[in-house]
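Have a look at the structure below, then the notes.
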Amino acid sequence: MALTGDQIEEITRSVVELYQGAERAIVEQVTRQLAAGIDAADWAVNRLGALATLRQAVEAILAVVQDEAAEAIRDSLAEAYRTGSGAATTGIPAEVLPRNPAAVQAASAVAETGIRAAVVENLAVALVQDIGAKHSNVLRHVQDVYRSVIQQASAVSVAGGMTRRQAAQWAYSRFVDQGIASFTDAAGRQWRLSSYVEMGTRTVTQRAAVQGQTDRLTRLGVDTVIVSNSPRECPKCRPWEGKVLSISGRLRGRVELESAVGRGTVTVDIAGSVEEARAAGLQHPNCTHALRAYIAGATKVPTGDLSNPKGYEAKQRQRAIERHIRRWKERELAALDDAGKATAKAKVRQWQGAMRDHLKATPELKRLPYRETPGAGNLPRQRPPGGAAQPATPTPPKPTPTPAAAPKPMLGDRVAGGITERRQLGGGVMAETELVTLADGTKAVRKRAKDSSGIPAVDQQDAEELGALVARATGVRAPEIHRSGRDEVYMEYLDGDVFDELDDAAASALMASDEGARLGLADLLMGNVDRNGGNLLVSGGQIRAIDHGAAFAFDDEYNAPGRPPELRDDWWRAFGTSGGGWRDNPLSPADIRRLDQRLRALRSEFERLSRLDWWDGMMGRLRAIEPYAKGKGLLG
């Protein structure tokens, strides 16, 4: 790379900030629409009716930013090409450059000609078209998120004991963390639009800079460059530090080059071509290395161990803190009430303090405020012909806030606040568990799963997440789940008596109650084959279902969605017989419609974890019991 990572960031910042501003404007539009009349009884109907208004606003934002970005991208690439060309011979005394008269004449011609317009224009057009093609996908995703939040808020608030405002914030925050203005590429990876633009712009800007540098060096008769020594190199680039590369690829291995400072030759080890190094990982979008001309006899090749893994780790820690700051600033932007906004502000301050501490401990790093802003630019300006800049769409009036009780922070936020105490709980074959006390005084259960009984740890934790949601959709109390790793979750601590410890009369009465039937319904829908008296709590006559790691164990032989599973306890007796047939159940047709709506609202959660086969199995169970729903109702 002809330019350093800092130079690339500086050149591309204007393009990136345009899209960050657009992303921020889209979040503001979605938040405004969701918050409008959120406490009204007809909120869901009214908000779905406003979808067309939201679509128009987002379309206008994307159209404006696309027009402005096309010009900014061309300017950035032209500047990169000029800068790369100018930097080609920086720091090299003129007397050691090739003394070929034709080469000198070529250098003068390049200086007069300046930019190779065709190269820069082709790069710019390709990038503009690539980014523009993603806009329709982003628009569709924004609408899907908006609809999903409304559906999930309606379902979870009914089943989970939350207010609609709390349920909407819960659902919305999950989408905000993933990126509202985002899309999924052909490989299944989800990209924030601004992140994709940054990656694409940095990559193409590097290309333009290198093209400018190599064009200049080639005309001067220089075919070799050397990779700089970065103080914070990543493992991917580390093997190339201090290595000499050939621009054309004609030089390979150990070669003899004519010395530029005296008679004779110099032995040089050529590690490969520039293109080969790039293909192996050098010059990735966030690369901090530069290429500079290598002049035989004049350029010194560094020796010894050039690696600095601690510098890279320090930089990665800074990037992680920046992500936390951006996340909570975006949460603040997407807060649906003052309490949520205040919580997010406090977390921003906490992570900004962590950044100050980190930079104090590693003074060689510098703070980059623009990297801490999830929307560093303002709303992109629309420039109508002959008119002054004006907003892309009229700004609707902000809804009048309705006083509401401050919701308890979500479990993930409380875990992020820190753990003050840990206590090991009884071990198990499938998981290790401990009771933890969080900084705010509340408790949670940390559970790390192990591959066991043919069930991979990741399957168990996916089932924990999704099983709790399905239980709440049927009206059963289940813990809030925070996924902290592939095989690790934190679960809300629920107090109560273990079902196994109830006397026979109390246990029988609970199993025969509507509460017991709702638990049987939840286990039936999620194919849970591991309900026992040890993973069931009772408090005040209310069931609290825990431990769903063995749920969704659908199997054509013994747990097929279309027929009753092999009954392993009495919780399912309201729906199936021990002989393997369905029976008339206490659900009403209205219950089936409610369940269908609630479970469909959870589809995006199953899709997020790539578990749509589980969702299909669950919906197959619902369809199977639907003809037998002849009761007065369980769901109220």
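Tabulated data for the structure shown
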read-out: Residue in the range 197-208 that is open to solvent by less than 50 Å² (accessible area, probe 1.4 Å), without any contact (Cβ under 8 Å) to a residue 60 or more places away in the chain and part of a helix (DSSP H, G or I) present; value: no
read-out: Meets criteria (open to solvent by less than 10 Å² (accessible area, probe 1.4 Å), closer than 18 Å to LEU336 by Cα and in a helix (DSSP H, G or I)) for VAL176; value: yes
read-out: Condition check for VAL58: at pLDDT below 85, of a type outside the set (D, E, K, R) and within 30 Å of ARG164 (Cβ to Cβ); value: no
read-out: Condition broken by LYS236, with the remaining ones in (1) open to solvent by 50 Å² or more (accessible area, probe 1.4 Å); (2) touching a residue at least 60 places away in the same chain (Cβ under 8 Å); (3) part of a loop (DSSP other than H, G, I, E, B) satisfied; value: (2)
read-out: Residues located in the range 449-464, provided they are at pLDDT 90 or above and open to solvent by 20 Å² or more (accessible area, probe 1.4 Å); value: VAL458, ASP459
read-out: Residues located in the range 527-552, provided they are in contact (Cβ under 8 Å) with a residue 40 or more places away in the chain, over 17 Å from ALA473 (Cβ atoms) and not in a loop (DSSP other than H, G, I, E, B); value: LEU537, VAL538, SER539
read-out: Considering residues of the range 20-33 that are under 15 Å from GLU372 (Cα atoms) and open to solvent by less than 20 Å² (accessible area, probe 1.4 Å) only, the residue farthest from the chain's Cα centre (by Cα); value: GLY21
read-out: Only listed residue being farther than 20 Å from GLY188 by Cα, more than 25 Å from the chain's Cα centre (by Cα) and at pLDDT below 90, chosen from SER578, SER588; value: SER578
read-out: Residues of the range 344-360 satisfying the condition of being out of contact with any His (no Cβ under 7 Å at 6 or more places or on another chain) and not aliphatic (A, V, I, L, M); value: LYS345, LYS347, ARG349, GLN350, GLN352, GLY353, ARG356, ASP357, HIS358, LYS360
read-out: Count of the range 273-291 residues which are touching a Ser or Thr at 6+ places or on another chain (Cβ under 8 Å), surrounded by 20 or more Cβ atoms within 10 Å (Cβ to Cβ) and not in a loop (DSSP other than H, G, I, E, B); value: 2
read-out: Meets criteria (among the basic types (Lys, Arg), over 24 Å from ALA167 (Cα atoms) and modelled with pLDDT under 90) for LYS408; value: no
read-out: Pairs, first outside any helix (DSSP H, G or I) in the range 47-72, second at pLDDT 85 or above, C-beta under 6 Å, six or more apart; value: ALA50/GLN33
read-out: Yes/no for GLY242 being in contact (Cβ under 8 Å) with a residue 40 or more places away in the chain, surrounded by 14 or more Cβ atoms within 10 Å (Cβ to Cβ) and on the phi > 0 side of the Ramachandran plot; value: yes
read-out: Qualifying residue in the range 480-492 (condition: closer than 30 Å to LYS632 by Cβ and of a type outside the set (A, V, I, L, M)); value: no
read-out: ASP503, sole failed condition from (1) within 25 Å of GLY633 (Cα to Cα); (2) open to solvent by 10 Å² or more (accessible area, probe 1.4 Å); value: (1)
read-out: Residues (more than 22 Å from ILE11 (Cβ to Cβ) and in contact (Cβ under 8 Å) with a residue 12 or more places away in the chain) located in the range 181-196; value: ALA181, SER182, PHE183, THR184, GLN190
read-out: Evaluation of ALA473 against (1) among the aliphatic types (A, V, I, L, M); (2) at pLDDT 90 or above; (3) buried (at least 24 other Cβ atoms within 10 Å of the Cβ) (one fails), failing number; value: (2)
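The values are calculated or read from the model by the stated rules, or taken from the named source; none is laboratory data. For clarity, every value in this text was computed on a predicted model and none was experimentally measured. Don't worry about glycine lacking a Cβ; one is built from the backbone with ideal geometry, like all the others, and counts go over all protein chains shown. All accessible areas refer to the heavy atoms of the entire protein, side chains included, with ligands and DNA or RNA removed. Shrake-Rupley method; radii C 1.70, N 1.55, O 1.52, S 1.80 Å.
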